[in-house]
Every structure is written in C-alpha cells, then in structure tokens.
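Each remark here refers to the structure printed beneath this line.
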Amino acid sequence: MTASNKTILKVLLLGDSGVGKTSIMKRYVKNKFTNQYKASIGTDFLTKQITVDEVSVDLQIWDTAGQERFFSLSPYYCRGADCCILVYDTNNPRTFESLESWREKFFIQTSLQDPEKIPFAVIGNKIDMGEPLVSRKTVHEWCQARGNIPFFFASAKENHNVTEAFTSVVQNAPKEK
Ligand code: GDP
Ligand code: MG
C-alpha cells in the first residue's frame, strides 16, 4: 500500500478518571501493564499499525491527558476523531452512569456533520476483579438504545478483549480518506 492511500484513524478513549483508559492504550499498543496509578499527563496519542479486513490502518489512539478529572473535554482532543471507545470500571457503577455525559460531550466537541455515524464501542474494564457490579443486561440495553454499540467486558491487566474492542471500531469506521 502506498502512502497516499494509507488510512489513518483517530480513536478516542473516553471515560472517568481511574477506569483504565491509559492502561488499555498501553496494553493495546505496547502490550504492557502496570499497577501504578499515575494520572496521565503529556502524551497526546500513541500509534499502532494494524491490518483489518486486508486494509492497512494507522491508528492514532488518544488518551485524555488527565483532563477527565475535571469532567472536561477539549475540542483539540476531539477534532477529527474517527472512532470513540467509552470506558467504565465494572466495579464502579458511577463510572458506567458517566458514559452518557461523555458521549454527549463528545457529540458537542466533534465538529462533524454527522457525529452519530462515528463508530463507538463500550469497554467494561477490570473484569478480572470479579463479578461486574453493573449487569450485562443493563449495559446491553444501554448500548442497544444508542444504535447498538458493541460492548466488551475487558481487562487491561489480563489482556482480555482489549484488541477485540479496537478491532470492532476500526471495522465499523469508513476507511477511505
Ligand atoms: P485512567 O485514569 O482511566 O487512565 O486509568 P489508568 O489506566 O491510569 O488506571 C487506573 C488504575 O486502575 C491503575 O492503578 C491501573 O493499574 C488499574 N487498572 C487499569 N486497568 C485494570 C484492569 O484491567 N484490571 C485491574 N485489576 N486494574 C486495572
Ligand atoms: Mg489516564
């Protein structure tokens, strides 16, 4: 594939502070995990090249640089986003309840004609910690009511369903740019 027809997709990770967004990104891009908690600062995005359905794609994965602690989202972070992964912590129902407002903030900040066409995925992270406190049925219904968003119980720690969530949004994204 030549540089001219290479597809670049910008993927946003959104969700409350502490749900594991940075861990998911690091697991996916670097296959690393650390228990240390550090509010992310600095990095705008990491890149990863993948091939999905025989198309080579350069992913730019954007992680909120700690701004989510203030429940704010900058237009800079959202501009040009192609896909959005909403993340909550399966052990913290409040982080699931926040997904609605993250989705709304995303719609407000993206200056796209038709943001509803953007592929979403929902990750319920930290499933390694035991029974989820928000039932699969509840999450499933929430996702269904919002255009059938694909949903994944995942663990950045144990590398479970992380790749699957990224593959899902990439598969659902329009590739020609
Ligand atoms: P962020 O604020 O959303 O970027 O969250 P972080 O990636 O910084 O993670 C917050 C804390 O949760 C850190 O202590 C991580 O080690 C921990 N963590 C992240 N993902 C998982 C997971 O899948 N399982 C477990 N048990 N802990 C996790
Ligand atoms: Mg972070």
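The values are calculated or read from the model by the stated rules, or taken from the named source; none is laboratory data. Owing to the predicted nature of the structure, the values given are computational and were not obtained by experimental measurement. Cβ coordinates were reconstructed from backbone atoms using ideal geometry, including for glycine residues, and neighbour counts include every protein chain displayed. Areas reflect the complete protein model, heavy atoms only, side chains present, ligands, DNA and RNA absent. Shrake-Rupley method; radii C 1.70, N 1.55, O 1.52, S 1.80 Å.
Laid out as a table, the results:
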item: Added length on full extension, which subtracts the Cα-Cα distance from 0.36 nm per residue, THR51 to ASN159; result: 36.9 nm
item: Segment 58-153, relative contact order in percent, only Cα pairs under 8 angstrom and at least six apart counted; result: 31 percent
item: Solvent exposure of segment 95-157 as accessible area per residue, Å², 1.4 Å probe; result: 53 Å²
item: Percent of C-alpha pairs per 5 Å bin, the chain, short to long; result: 1, 8, 18, 23, 22, 16, 8, 3, 1, 0
item: By average C-beta atoms within 10 angstrom, highest first, the peptides 77-89, 50-62, 154-166; result: 77-89, 154-166, 50-62
